[in-house]
Amino acid sequence: MRITYACPACHATASLDRVEERTALDCPACGAGLAVQPGLLEWRTEGGGRRARLQRCLVCPSGELFARKDFPQRLGVGIVVVGFAASCVTWGMRLLVPTFAILFATALVDVVLYLFMPECLVCYRCGARYRGDGVCDDAGGFDLETHERHRQAAARMRGLASGGVAGAPSESRP
């Protein structure tokens, strides 16, 4: 299993392999270590081998995780923008068939990428991503309510850390 997470100490992005064999997650940038609590990985025997199943996030340790496609969103948006721009050019030249051919080809590329991309497991609270065989077997999909709850909690914590009251309007006096 592979993990990609933001180090709580230095906020650098860290990627580590073979997480199931580690007792601590050591940041390659600053050397800070996060102890992996025992019991967060459940071992299952399947198909003649042992596989680790994640119970909770190893970084924060939140139990709220969701499965998503492991695909760079910027690349997906780039494909759509290029397809849209190319179809606008052909539409401007009044070429109806090539316009729709470009739009359908863009959609086909998107569907093929969706079908062949692997899934990863993401923590709602800290955003850590887990990749590997069997990581997403039992995980559910994205839930907007859970995401929004964690997003608002993080915003309140940032507001409290900056000395203000999160969510309260700022007052200005003349």
If you go through ARG56, ARG68, the only one that is in a loop (DSSP other than H, G, I, E, B) and either under 20 Å from the mean Cα position of the chain (by Cα) or at pLDDT below 90 (or both) is ARG56
Is one or more of the residues making up segment 62-78 closer than 25 Å to GLN37 by Cα, in contact (Cβ under 8 Å) with a residue 12 or more places away in the chain, surrounded by 14 or more Cβ atoms within 10 Å (Cβ to Cβ) and in contact with a Lys or Arg (Cβ under 6 Å, 6 or more places away or on another chain)?
-> yes
When you scan segment 123-166, how many residues do you find that are at pLDDT below 85 and either touching a helix residue (DSSP H, G or I) at 6+ places or on another chain (Cβ under 7 Å) or of a type in the set (Phe, Trp, Tyr) (or both)?
-> 2
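For every residue, the table says whether it meets (1) at pLDDT 90 or above; (2) assigned to a loop (DSSP other than H, G, I, E, B); (3) aliphatic (A, V, I, L, M).
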residue: THR45; (1), (2), (3): no, no, no
residue: ALA52; (1), (2), (3): no, no, yes
residue: PRO61; (1), (2), (3): no, yes, no
residue: PHE84; (1), (2), (3): yes, no, no
residue: ARG94; (1), (2), (3): yes, yes, no
residue: PRO98; (1), (2), (3): yes, no, no
Can you name every residue in segment 120-149 that is among the β-branched types (Val, Ile, Thr) and surrounded by fewer than 18 Cβ atoms within 10 Å (Cβ to Cβ)?
-> THR146
Residue ID - nearest to GLN152 (Cα to Cα), chosen from residues in segment 118-138 that are of a type in the set (A, V, I, L, M, F, W, C) and assigned to a loop (DSSP other than H, G, I, E, B) | CYS126
Which ones in segment 1-25 are of a type outside the set (A, V, I, L, M, F, W, C), without any contact (Cβ under 8 Å) to a residue 24 or more places away in the chain and closer than 19 Å to GLY132 by Cβ?
-> THR13, SER15, ASP17, ARG18, GLU21, ARG22, THR23
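The values are calculated or read from the model by the stated rules, or taken from the named source; none is laboratory data. Quick caveat: nothing in here was measured; it's all calculated off a predicted structure. Don't worry about glycine lacking a Cβ; one is built from the backbone with ideal geometry, like all the others, and counts go over all protein chains shown.
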